[in-house]
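Notes follow the structure.
The values are calculated or read from the model by the stated rules, or taken from the named source; none is laboratory data. Here the structure is a predicted model, which is why all the values come from computation and not from measurement. Reconstructed Cβ throughout: ideal geometry from the backbone, glycine too, with neighbour counts over all protein chains shown.
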Amino acid sequence: MKAANLRVKECLDRFGFAFDIRLLDSAVRTAQLAADALGCEVGQIANSLVFRNLDDDSALLIMCAGDRRVDLERVAATTAIRPGKADAAFVRERTGFAIGGVPPVAHSAKLTTLLDTSLRRHGEIWAAAGTPESVFRMTPAQLGTITDGEWLDLAQR
């Protein structure tokens, strides 16, 4: 395991759930590639999407099912946060992880975290574990617990 994976594992261990980090043969930078590698539905991939809050330049993490797209206008209307594009440097600086491997936890700074209700359709979901070739499985309820995120309907219809 890489240092990033160990950082995620240490954070997950503190919650008392049995999470196993799975290292894949190669990077899975899209939800479809991850689903293919894991033999699951694309909707079971919990994408970690980092945005820049245009009001205060803080980072916003939105977790959404891999078969959905986040509706940024809905985010703004629902939360009063104005999300904007975050480049790779911003993501790494605010989370401590590279795009494609951003986990839902173990960030270098506290992030506002929103969880799209599309993830609740599945009994188990998969999220990045710190690198583009690592994932871990959990339930949507566990995702809510480990992130302390707010469940909202944020996906496009």
Q: Taking A46 as the residue in question, decide whether it is under 20 Å from L154 (Cβ atoms), buried (at least 19 other Cβ atoms within 10 Å of the Cβ), touching a Lys or Arg at 6+ places or on another chain (Cβ under 7 Å) and at pLDDT 95 or above.
A: no
Q.
Can you list residue pairs whose Cβ atoms sit under 9 Å apart, with the first residue in segment 9-21 being outside any helix (DSSP H, G or I) and the second being of a type in the set (D, E) and surrounded by 11 or more Cβ atoms within 10 Å (Cβ to Cβ)? Count only pairs 6 or more apart in sequence or on different chains.
A. F19/D13
Q. Which residue pairs have Cβ atoms under 7 Å apart, sit 6 or more places apart or on different chains, and have a first residue in segment 125-147 that is without any contact (Cβ under 8 Å) to a residue 60 or more places away in the chain and on the phi < 0 side of the Ramachandran plot and a second that is assigned to a helix (DSSP H, G or I) and crowded, with 23+ Cβ neighbours inside 10 Å?
A. P140/L119
Q. Which one is surrounded by the most Cβ atoms within 10 Å (Cβ to Cβ), of the residues in segment 1-21 that are closer than 20 Å to I99 by Cβ and in contact with a Phe, Trp or Tyr (Cβ under 7 Å, 6 or more places away or on another chain)?
A. A4
Q) Out of segment 102-144, which residues are farther than 17 Å from D20 by Cβ and either crowded, with 24+ Cβ neighbours inside 10 Å or among the hydroxyl-bearing types (S, T, Y) (or both)? A) V102, S108, T112, T113, L114, D116, T117, S118, L119
Q. Residues in segment 50-58: is at least one more than 14 Å from P132 (Cβ to Cβ), without any contact (Cβ under 8 Å) to a residue 24 or more places away in the chain and in contact with a Pro (Cβ under 8 Å, 6 or more places away or on another chain)?
A. no
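Tell me yes or no: at least one residue of segment 68-89 is over 22 Å from D55 (Cα atoms) and touching a residue at least 24 places away in the same chain (Cβ under 8 Å).
Within segment 68-89 (the criterion being over 22 Å from D55 (Cα atoms) and touching a residue at least 24 places away in the same chain (Cβ under 8 Å)), the answer is yes, since at least one residue qualifies.
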(Q) Considering only residues that are crowded, with 16+ Cβ neighbours inside 10 Å and either within 15 Å of the chain's Cα centre (by Cα) or hydroxyl-bearing (S, T, Y) (or both), which ones fall in segment 22-34? (A) V28, A31, A34
**Q.** Checking M63 against (1) buried (at least 20 other Cβ atoms within 10 Å of the Cβ); (2) in contact (Cβ under 8 Å) with a residue 60 or more places away in the chain; (3) outside any strand (DSSP E or B), the condition it does not meet
**A.** (3)
